[in-house]
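Only one structure is covered here, and it is reproduced in the block below.
The values are calculated or read from the model by the stated rules, or taken from the named source; none is laboratory data. Every value quoted in this text rests on a predicted model; they were computed, and no experiment measured them. So basically every Cβ, Gly included, is an ideal-geometry build from the backbone, and we count neighbours across all protein chains shown.
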Amino acid sequence: MKLNNIAVLIDADNASANNINYILRKIESIGNVTCKKVYGDWGNVHIQGWQEALLKHAIDPIQHFAYAKGKNTTDIGLVIEAMDLLHSGHYDGFCLVSSDSDFTALALRIRKNGIKVFGFGKKQTVKAFTQACDSFYYVEDLVPLPKALPISEHKDTPSFDTKTKPLLPVAESKTSPEKWTTKALQKQTHLISILNKLIKEDPNSAKGWSNLSYLASQIKQHHTNIKLDRYGYAKFSELIIAMALYDIRTVNKVISIKLNNDVLPTLSVEPNDKATSVWDEGRLKRDTKLLTSLRASIIDHPKADNERWVNFGLIGNAIKTHYPNFDPKNYGYARLSSMIRNIGIFETKTVNSTLYVRHKAK
């Protein structure tokens with residue numbers, strides 16, 4: 001028997017907008033949906049991909065500001081609202097869309113009132129949460145598989161001649177996928193939420209800095225549904241740089257990243273779009289594509305010395321690797337050296353008429 005009034009509560013930090021269509025379709029087969037709400041801090045870049053889904057599926061966005069880094073304000077806000085809806089006595093079913101095990105207690109509490117609870121999340125969801133629900137549906141099972149290639153109309157079984165050599169299988173093409181753009185990567189809400197969670201919960205972090213190798217190993221071991229190679233980057237560090245969402249540093253050749261909620265991404269200037277005035281420090285820092293390109297070129301330069309100084313003459317070509325259309329004139333500067341000095345996060349020195357640059361230690 002179908003339910004009469006279902007409340008759908010979505011955790012934007014732990015659910016992807018790309019799958020919500022299939023989830024809602026399943027929920028509609030369970031009963032009548034009368035409440036659809038999604039919770040998150042809508043100022044964060046990594047959940048901006050939800051905007052189109054909100055309009056398409058008439059989902060009510062609920063704002064929860066992150067008053068302090070590392071605090072689960074979205075989770076708390078969702079729980080408070082769920083309890084308000086529960087005590088209204090209007091709903092006979094709740095659908096919790098999240099892979100976060102923190103909602104285990106909420107599911108158990110709702111069921112204590114005799115109300116059905118249905119969970120929707122990824123296959124790596126902790127078992128305690130899946131068992132706390134009356135039914136739990138894995139998103140991977142709801143998303144349809146790609147259509148199979150059409151089978152040839154010729155169905156005759158080939159005959160084998162023992163005198164002839166068997167045909168060898170044709171090797172599949174292993175061309176690398178095209179690199180995803182920064183804009184496309186910043187819409188990968190599930191990947192970003194996992195990275196953010198790993199950084200916040202890293203037991204070995206140093207003042208918020210997490211070893212990049214540790215993060216990669218955690219994803220590989222515990223989040224097998226995330227395939228990092230699908231984004232087209234040969235190295236995990238290159239993928240992180242392209243995402244333009246994190247602070248990055250290298251100490252003794254060890255790369256670490258840190259959450260950076262203070263830097264909001266902006267569109268970088270287009271090629272040949274010369275600036276009419278010189279960009280100041282604040283404006284330069286808000287261009288995350290520029291900033292991450294400079295950091296990657298200077299911090300990770302293979303010819304940096306033991307004190308991380310890099311010959312400035314090598315920087316220009318290194319930047320082109322990460323930002324092919326880069327031109328300091330687009331930012332109002334005749335010389336790259338002047339622009340780097342103005343950003344404020346790098347320092348320079350001159351030795352025997354040769355200019356060197358490095359990232360300032362924090």
For region 297-328, how many residues meet the condition of being more than 13 Å from Y356 (Cα to Cα) and in contact with a strand residue (DSSP E or B) (Cβ under 7 Å, 6 or more places away or on another chain)? 1
Name every residue in region 317-342 that is of a type in the set (A, V, I, L, M, F, W, C) and more than 24 Å from T181 (Cα to Cα), in order of residue number. A334, L336, M339, I340
Taking only region 6-27 into account, find how many residues are part of a helix (DSSP H, G or I) and within 21 Å of the chain's Cα centre (by Cα). 10
Specify the residue that is nearest to the chain's Cα centre (by Cα); the eligible residues are those in region 239-270 that are buried (at least 18 other Cβ atoms within 10 Å of the Cβ) and modelled with pLDDT under 80. P265
Might you let me know whether region 298-317 holds any residue that is over 23 Å from I257 (Cβ atoms) and either at pLDDT below 75 or among the β-branched types (V, I, T) (or both)? no
Scan of region 1-16 for residues that are surrounded by 24 or more Cβ atoms within 10 Å (Cβ to Cβ), aliphatic (A, V, I, L, M) and in contact with a Gly (Cβ under 7 Å, 6 or more places away or on another chain), ordered by number: A12
I'm checking my understanding of the structure. Among residues of region 100-136 that are among the aromatic types (F, W, Y) and farther than 17 Å from K197 by Cα, which one is surrounded by the fewest Cβ atoms within 10 Å (Cβ to Cβ)? F136
Condition first: touching a helix residue (DSSP H, G or I) at 6+ places or on another chain (Cβ under 6 Å), within 18 Å of T250 (Cβ to Cβ) and of a type in the set (V, I, T). Can you find one or more residues in region 303-311 that meet it? yes
Given the options L55, L85, name the one that is at pLDDT 80 or above and more than 26 Å from V117 (Cβ to Cβ). L55
Give the residues of region 303-354 that are charged (D, E, K, R) and in a loop (DSSP other than H, G, I, E, B), sorted by residue number. K303, D305, E307, R308, D327, R335
From the option list I30, I47, I23, single residue qualifying as surrounded by 21 or more Cβ atoms within 10 Å (Cβ to Cβ) and modelled with pLDDT of 90 or more is I23
